[in-house]
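Worksheet: the structure to be examined is printed underneath.
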Amino acid sequence: MLFKKIKITIVILLINIIIFCFGTIVKSENNFEFFMNDFFNKKNKALKLLKEVELNLKNGSKDVSCSKQREAVRIAILANESLIKAYKTNGSQPPLDTIESYKARWNSILENCEEEN
């Protein structure tokens, strides 16, 4: 009985080690996929920061909202740069009008934050 519990514990530990070590590796076959993964990760991180700001503002806390908004804009602009690199790596023409409109939207978030201060 004790041997069985130890065996199960060791197996669970080994599975967790394997998942931790190999589960976080980005398996990118080429530069295009690398830049696209980078774009999606940064975009999601920026959106997560804005959600945190939104929740803080709804709860009445404005302490770090501008700094988080600035960080979100910085990350989003880097995400757009990764998207442009992905298109160029793939030999495609990036949709610069769309990317510029997103950049303008992110910058308007930044400007609104600076106006409040």
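The values are calculated or read from the model by the stated rules, or taken from the named source; none is laboratory data. Fair warning: this is a prediction, and the values are worked out from it, not measured in the lab. Cβ sites come from the backbone with ideal geometry, for glycine too, and all protein chains shown count toward neighbours.
Just a few scattered comments:
- Annotation note: Cβ proximity below 8 Å between a residue of the range 87-104 that is more than 15 Å from residue 74 (Cα to Cα) and a residue that is surrounded by fewer than 15 Cβ atoms within 10 Å (Cβ to Cβ) and of a type in the set (Lys, Arg) (sequence gap 6+ or interchain) occurs for 94/88.
- Scanning the range 60-104 for residues that are in a loop (DSSP other than H, G, I, E, B) and on the phi < 0 side of the Ramachandran plot yields 61, 62, 63, 64, 90, 92, 93, 94, 95.
- Within the range 91-111, the set of residues being under 18 Å from residue 35 (Cβ atoms) and surrounded by 15 or more Cβ atoms within 10 Å (Cβ to Cβ) comprises 94, 99, 102, 103.
- The single residue among 67, 82 that is at pLDDT 80 or above and in contact with a Phe, Trp or Tyr (Cβ under 8 Å, 6 or more places away or on another chain) turns out to be 82.
- Evaluating residue 77 against the criteria (1) modelled with pLDDT of 90 or more; (2) loosely packed, with under 15 Cβ neighbours inside 10 Å; (3) not basic (Lys, Arg) leaves one unmet condition, (2).
- The residues of the range 35-59 that are assigned to a helix (DSSP H, G or I), surrounded by fewer than 17 Cβ atoms within 10 Å (Cβ to Cβ) and not aliphatic (A, V, I, L, M), listed by number, are 37, 40, 41, 44, 45, 48, 51, 52, 54, 56, 58.
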